[in-house]
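Below is one structure; the comments refer to it alone.
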Amino acid sequence: MSLLKIESIKKRYGSFEALKGISLDLNTGEVISLLGVNGAGKTTLSSIIATLHPPTSGDILFKGTSIFNDIPSYRYQIGYCPQKPNLNPLLTMRDNLWFAGKYYGMSDDAVEQRMKELNERLGIDRFLAAYAHELSGGWKQRYMIARTLMHSPKIVILDEPTVGLDPDIRQQLWYYIRHLRDQGICVLITTHYLDEAEKLSDRVVVLHQGVIKLIDTPQNLMQSFQKGKLEDVFLELTKEQKE
Ligand code: ATP
């Protein structure tokens, strides 16, 4: 079922057009990966969906209604994890998570319960008393993801979520993303890891210079390009685009 309808989104930075009219449906219970070489427009698109900045033109409909009519209500439905960790440096990890829960109006009990659930999946107990500067990059990323999920959003946007994670936590995160999908959540990921996109995604979207080049399942793409790996499809596509 379509959850979010992205209609002809354009984004200009001065005279440069970073997105040139993107239309895309995001569905309940799917993992969708945004792929593209550096500068293709992935972060611009995902941050517009997260309402960090407005598009120059176009619309986004959540369950049929423009998100721009009531951005605060829409924000309750989404969780956004940016590329760069931005945990509050003055708060412990526990307080960062509490702050996120309370910001979204959760009761104390609901926050505690949610932290327990997230701990079972992401193993976040260990450094709850620590501050961001005391944590490795991978651990910061775990808490970033936990914070994104505190209020149980319907749409989860993860911008390069597994950069810097060790293989073990990367695998755990993949399991968790599948679990979110199985609960009907839409997970939008931007990634440069093609193995990740291949294993995780129900559909992949290939962006190039602000335009959608392809949308399909990894299996269909591999079949139509006669390749055994999504990475090889991507390399062929980007080679074609450079020629
Ligand atoms: P990467 O894989 O490197 O993260 P991306 O696909 O996420 O790249 P974007 O960060 O969305 O790409 O950038 C798309 C284009 O828009 C790039 O050419 C970039 O230089 C340009 N751009 C992004 N943000 C701005 C900005 N604030 N001002 C001007 N140009 C920008």
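Quick note: the coordinates plus some simple rules give every number you see, no bench work behind them. The structure presented is a predicted model; accordingly, all values stated were derived computationally and were not measured. As a convention, Cβ positions derive from the backbone with ideal geometry for all residues, glycine included, and neighbour counts pool all protein chains shown.
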Segment 104-137 versus segment 4-60: alpha-carbon centroid distance in Å: 30
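Count the net charge of all other residues whose Cβ sits under 14 Å from the Cβ of residue 87, scoring Lys and Arg as +1 and Asp and Glu as -1.
Numbers: positive: 84, 94, 140, 142, 147; negative: 95, 134.
Within the 14 Å Cβ shell, the charges total +3.
Does segment 184-243 classify as rounded, prolate or oblate by the C-alpha gyration tensor (a ≥ b ≥ c root eigenvalues; a/c under 1.5 gives rounded; else a/b over b/c gives prolate, otherwise oblate)? Present the calculation step by step, with values, prior to reporting the outcome.
Details: a/c = 1.84, a/b = 1.29, b/c = 1.43.
It is oblate, given that a/c is not under 1.5 and a/b is not larger than b/c.
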Förster radius 41 Å - calculated FRET efficiency between residue 126 and residue 236, Cβ distance, rounded to 0.05: 0.45
Crossing angle, helix 137-149 versus the chain [Cα axis fit, 0-90 degrees, rounded to tens]: 90
Sum of -39500 (n - 2.57) over DSSP H runs of 4+, divided by residues of the chain (222 nm, nearest 500): -12000 deg cm²/dmol
Karplus (6.51, -1.76, 1.60) ³J(HN,Hα), θ = phi - 60°, over segment 226-232, in Hz, Gly and Pro reported as x: 6, 10, x, 9, 4, 4, 6
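Percent relative contact order of the chain, based on C-alpha pairs within less than 8 angstrom and at least six residues apart?
Numbers: 420 pairs, mean separation 65.7, N = 243.
Relative contact order here is 27 percent.
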Sum of side-chain charges, residue 97 neighbourhood, beta-carbon under 9 Å (Lys, Arg +1; Asp, Glu -1): +2
